[in-house]
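These notes concern the structure reproduced below.
The values are calculated or read from the model by the stated rules, or taken from the named source; none is laboratory data. A quick note: this is a predicted structure, and the numbers were derived from the prediction, not measured. Glycine also receives a Cβ, built like all others from the backbone with ideal geometry; neighbour counts cover every protein chain displayed.
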Amino acid sequence: MPENSLPEHPLDRFLELLDSLMEHKRWFEDPTALRFAASSLLTTPGPAAQVATELQDVAEQLKDDAGWFGPLNSAVRFVVAAMLLRSDKSTREFCAEIERVEELFKQHKLKRGTTYTYLAAMLLIDNGQRSQSHVGSDQVARFAALYAEMKSHHLFLTGQDDYPTCALLSSLPGTPSELGQRCEVFYEGLRDLGFKRGNALQTVSHMLVFAPDDDGVVMQRFRRLYDGFDKAGLWMHTGDYDEVAALSFLPHETANVVATVLNHRESIAKHPPKPGRELSFSLACGTGFLELAGDQLMSEHLRGTQNILAVQAIIQAQQAAMIAAAVSASAAASSASHG
């Protein structure tokens with residue numbers, strides 16, 4: 001595949017990709033996964049029909065080759081396939097590399113064999129490709145040390161759902177202790193600004209470490225954006241924290257960001273198959289982010305697209321994790337009903 005690039009019209013590109021993916025949809029497949037896949041493909045160039053066909057091919061290969069997905073393969077594989085399109089590896093090579101990294105997880109007494117651990121392994125591999133390095137014992141040891149640091153701050157909040165962001169954070173400079181303290185600056189700072197303690201706030205604290213501005217500026221921006229959506233009539237809650245965190249990377253005026261996202265949300269909500277209110281907001285945050293990220297203000301702010309694409313990697317990991325959590329909850333409910 002060609003190098004990733006920012007689409008000129010992200011909302012139109014998203015709807016075009018979604019329509020192309022829906023043409024391949026089977027009656028039993030959840031369209032939510034395809035919506036997130038379309039969102040993940042926004043920076044992948046090429047005709048939408050071609051990109052959709054390539055994604056479907058990769059997703060089918062994952063289903064055939066990646067036994068580690070197990071019961072989750074009907075949902076998560078589409079978002080993972082979207083990420084895999086950026087790689088120069090075949091699905092077989094990719095799965096073999098995942099298995100190798102998972103063995104390193106085992107050696108360092110980390111969990112393995114779950115969707116979250118595979119997402120973390122995939123992101124470690126992706127980090128390695130960008131830096132032209134190989135994921136070895138040293139990289140996994142750093143990941144394990146950072147995860148232990150996270151647990152030292154929030155023993156009962158930190159779990160496997162933090163593996164993906166931990167993998168992303170481990171690529172940053174600094175010791176695990178220093179990175180852990182950076183996360184705590186955001187966790188405690190946002191709590192002081194009135195946000196609720198808990199798992200959602202911890203996820204935000206991990207994401208905002210990547211923000212290019214001063215910590216205080218980013219946190220105040222987060223507060224203003226959250227309040228801006230609330231005043232616009234949206235029912236805001238902790239589940240929206242991660243979307244607002246991504247938007248907090250933008251140096252734009254609050255009113256501009258809110259208006260852009262709401263306009264996108266209106267279009268997405270009307271587009272069949274019509275998503276619910278919360279899902280349309282989540283998707284609109286992704287397209288709205290890219291629209292604003294492509295303007296001159298953002299280009300000067302981030303000096304190119306690399307940091308923008310890093311934010312997209314965070315968003316994609318969160319989307320895949322959301323699907324994993326939803327499928328796990330559904331499976332647990334089904335099991336309980338038959339117990």
inquiry  = Testing F156 on (1) over 21 Å from A211 (Cα atoms); (2) surrounded by 15 or more Cβ atoms within 10 Å (Cβ to Cβ); (3) out of contact with any Lys or Arg (no Cβ under 6 Å at 6 or more places or on another chain), one condition comes back false. Which one is that?
reply    = (2)
Qualifying helices (runs of 4 or more DSSP H) (wholly inside region 249-336; at least 1 residues being at pLDDT 90 or above, of a type outside the set (A, V, I, L, M, F, W, C) and in the same structural domain as V209 (by TED's automatic domain parsing)) = 254-270, 277-293
query = Out of the residues in region 183-202 that are in contact with a Phe, Trp or Tyr (Cβ under 7 Å, 6 or more places away or on another chain) and closer than 16 Å to F156 by Cβ, which is modelled with the lowest pLDDT?
reply = A200
task = Might you check whether a residue that is crowded, with 22+ Cβ neighbours inside 10 Å, of a type in the set (V, I, T), within 22 Å of the chain's Cα centre (by Cα) and modelled with pLDDT under 90 occurs anywhere in region 101-113?
result = no
remark   = Condition set within 21 Å of D126 (Cβ to Cβ) and surrounded by fewer than 15 Cβ atoms within 10 Å (Cβ to Cβ), scope region 1-44, selection modelled with the lowest pLDDT: answer is M1
message = Of everything in region 117-146, what is closer than 15 Å to E102 by Cβ, part of a helix (DSSP H, G or I) and not small (G, A, S)? Give them in sequence order.
response = T117, Y118, L119, M122, L123, L124, I125, Q139, V140, F143
task = With the condition kept exactly as written, say whether any residue in region 168-184 is in a loop (DSSP other than H, G, I, E, B), at positive phi and exposed (fewer than 15 other Cβ atoms within 10 Å of the Cβ).
result = yes
query = So, of the residues in region 149-205 that are among the aromatic types (F, W, Y) and under 17 Å from R221 (Cα atoms), which turns out to be farthest from the chain's Cα centre (by Cα)?
reply = F195
request  = Could you please find all residues in region 140-165 being more than 18 Å from Q107 (Cα to Cα) and either in contact (Cβ under 8 Å) with a residue 60 or more places away in the chain or hydrophobic (A, V, I, L, M, F, W, C) (or both)?
outcome  = M150, L155, F156, L157, D161, P164, T165
task = Considering only residues that are in a loop (DSSP other than H, G, I, E, B) and of a type in the set (A, V, I, L, M, F, W, C), look in region 209-232 and name the one that is surrounded by the most Cβ atoms within 10 Å (Cβ to Cβ).
result = A211
